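The values are calculated or read from the model by the stated rules, or taken from the named source; none is laboratory data. Quick caveat, the model's predicted, so the values are computed rather than measured. A quick note on method: Cβ atoms are made from the backbone with ideal geometry, for glycine too, and the neighbour counts reach across all protein chains shown. Keep in mind that these areas ignore ligands, DNA and RNA; they rest on the heavy atoms of the full protein, side chains included. Shrake-Rupley method; radii C 1.70, N 1.55, O 1.52, S 1.80 Å.
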Amino acid sequence: KNQNSEIFLLYSKKLMEKDGYVISNIDLTLMCEKPIVTKYKNQFKKKISFLLNIKPQDVNVKATTTEKLGF
């Protein structure tokens, strides 16, 4: 709770590498109302690619809202 999401991403990477897997690309979907992700998309890609040690062009970031989902 209340932790930086980098912690979870890096922990997941560590678990995968421990089992012999390598991350070559990632396709990420954010579900949120705010902020509007378009403005920050390149920043997300740069940060995620840096953390995972992959190329920015191997990171895809898209977003959707929770509108019409759930109850």
Net length gained if the chain between Met16 and Thr38 were fully extended (0.36 nm per residue, minus Cα distance): 5.0 nm
What ranking of Lys46, Lys41 comes out by heavy-atom accessible area, probe 1.4 Å, highest first? Lys46, Lys41
Local electrostatic count at Lys46 - Lys and Arg +1, Asp and Glu -1, tallied over other residues with Cβ under 14 Å: +3
0 to 90° range, to nearest 10: angle between helix 41-52 axis and the chain longest Cα axis: 20 degrees
Please compute the volume of the convex hull spanned by the alpha-carbon atoms of the chain and report it per residue in Å³. 123 Å³
Over 25 Å (Cα to Cα) among Lys13/Lys39; Lys14/Lys47; Lys18/Lys41 -> Lys13/Lys39; Lys18/Lys41
